[in-house]
Structure formats: structure tokens, C-alpha cells
1. I'd like to verify a number: residues in region 93-108 that are at pLDDT 95 or above, part of a loop (DSSP other than H, G, I, E, B) and under 21 Å from PRO123 (Cα atoms), how many?
2. Which one of GLU118, GLU155 is at pLDDT 95 or above, surrounded by 12 or more Cβ atoms within 10 Å (Cβ to Cβ), acidic (Asp, Glu) and over 21 Å from the mean Cα position of the chain (by Cα)?
3. Can you tell me which residues in region 134-152 are modelled with pLDDT of 95 or more and either aromatic (Phe, Trp, Tyr) or within 19 Å of the chain's Cα centre (by Cα) (or both)?
4. Just to be sure I understand, how many residues within region 51-60 are open to solvent by less than 70 Å² (accessible area, probe 1.4 Å) and assigned to a helix (DSSP H, G or I)?
5. Could you go through region 99-108 and let me know if any residue there is surrounded by fewer than 19 Cβ atoms within 10 Å (Cβ to Cβ), of a type outside the set (Val, Ile, Thr), more than 30 Å from ALA46 (Cα to Cα) and touching a helix residue (DSSP H, G or I) at 6+ places or on another chain (Cβ under 9 Å).
6. Could you list all residues from region 131-152 that are open to solvent by less than 40 Å² (accessible area, probe 1.4 Å), assigned to a loop (DSSP other than H, G, I, E, B) and without any contact (Cβ under 8 Å) to a residue 12 or more places away in the chain?
7. Could you give every pair whose Cβ atoms fall below 7 Å, whose first residue belongs to region 74-98 and is within 14 Å of PHE130 (Cβ to Cβ), and whose second residue is aromatic (Phe, Trp, Tyr) and not in a strand (DSSP E or B), counting only separations of at least 6 or pairs across chains?
8. Among the residues of region 61-92, write down those that are over 18 Å from the mean Cα position of the chain (by Cα) and in a helix (DSSP H, G or I).
Amino acid sequence: MSVAFVKEESAEAASETLLPDRPISPHPNLVTKAGLDALERQLKEAREAYDAASVVEDINERRRQTAGPMRDLRYLKARLHTAQLMPDPTSSDVVAFGSMVTFSRDDGRVQTYRIVGEDEADPKAGSISFVSPVARLLIGKAVGDAFETGGQEIEIVAIS
């Protein structure tokens with residue numbers, strides 16, 4: 001039979017179904033309770049998206065639609081498997097994982113961030129990863145401590 005009569009995937013369709021894995025951080029996978037809950041919720045949503053795409057009749061379309069959820073499932077399962085649930089800080093004397101920290105910059109800006117795991121970090125929503133440069137400088141410091149980063153002085157104003 002001539003290949004003209006055989007339905008084969010194009011290179012484009014094949015590339016859409018073979019998505020590269022999401023990169024896994026080399027750092028410990030520390031999470032807050034909220035972060036762990038978010039990973040579990042995202043895993044459930046990825047399963048639902050995969051299940052919904054799995055019923056598509058056209059094999060090529062099914063492969064395209066299941067590729068993203070399948071990649072997310074692999075990533076989220078790995079992150080849940082390695083998640084290390086961290087307790088809430090027991091003290092507000094020094095900055096720790098899970099602390100809410102308010103600091104002022106020498107340009108007059110005052111910022112507040114919660115130090116959280118990598119998957120739950122969202123600076124626009126007020127959370128930064130514990131491996132971010134600013135968080136690394138903040139951890140272990142107390143109210144009144146000041147340090148310089150990026151040519152600016154930062155002083156810790158409050159910890160909660």
C-alpha cells in the first residue's frame with residue numbers, strides 16, 4: 001500500500017505530543033501546609049484534564065490533548081513524593097521558612113513576603129521561595145537587622 005493512503009502523524013503533531021518534562025529543582029522540596037494542599041489540588045486537576053482528553057476519538061487529537069496533563073501529572077507526582085511538610089514557625093524572633101517578613105529598602109519601599117516552597121512562591125501575591133536570593137538573606141535574621149543586596153540596604157521591620 002502506498003504511504004499516501006496511510007494516516008501518519010506529521011512531525012508537528014508528534015512534537016506536540018512529546019512535551020519535555022517540567023524541570024525539577026535540585027533543592028529540597030520544602031512546603032507549607034497550603035503549598036502541599038495546592039500540589040494535591042493541582043494533581044487532581046491534572047488527572048481530570050487527562051481523563052477528559054482521553055475520551056477524544058481521534059488518536060492524534062487525543063495525544064495532543066493529553067500531552068500537557070500527562071506532563072503535569074509526572075511533575076506533580078514527583079513533587080508530592082518529595083514534599084517535606086514544614087511546621088509553621090514557632091517563634092517570630094528570627095526569620096524562618098513560613099515566616100511573614102516585612103522589610104524596608106533604603107529607597108523608601110516597604111515590602112512584606114511570606115517565605116514558602118518553590119512551587120507555591122508568587123511574589124505578586126506576597127510569597128517568595130526560600131531559595132530566592134532575598135529569602136536566603138532574610139532567613140536567620142531578626143527585627144532591626146540590616147544587610148545590603150543589589151546595592152540597596154534592607155532592614156527587617158517585622159516578623160510574624
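The values are calculated or read from the model by the stated rules, or taken from the named source; none is laboratory data. Treat the numbers as computed from the prediction; the structure is a model and nothing was measured. Note that we place each Cβ from the backbone using ideal geometry, even for glycine, and neighbour counts take in every protein chain shown. Calculation scope for accessible area: heavy atoms of the full protein, side chains included, ligands and nucleic acids excluded. Shrake-Rupley method; radii C 1.70, N 1.55, O 1.52, S 1.80 Å.
1. Initial filter on region 93-108 (at pLDDT 95 or above): 93-104.
Filter once more, keeping what is part of a loop (DSSP other than H, G, I, E, B): 93, 95-99.
Add one more test, that the residue is under 21 Å from PRO123 (Cα atoms), and what stays is 95-99.
The total comes to 5.
2. Details: GLU118 fails: over 21 Å from the mean Cα position of the chain (by Cα).
Among GLU118, GLU155, only GLU155 is at pLDDT 95 or above, surrounded by 12 or more Cβ atoms within 10 Å (Cβ to Cβ), acidic (Asp, Glu) and over 21 Å from the mean Cα position of the chain (by Cα).
3. ALA135, ARG136
4. 3
5. No, region 99-108 has no match at all.
6. SER132
7. What qualifies is MET86/PHE97; PHE97/PHE130.
8. Result: GLU61, ARG62, ARG63, ARG64, GLN65, THR66, ALA67.
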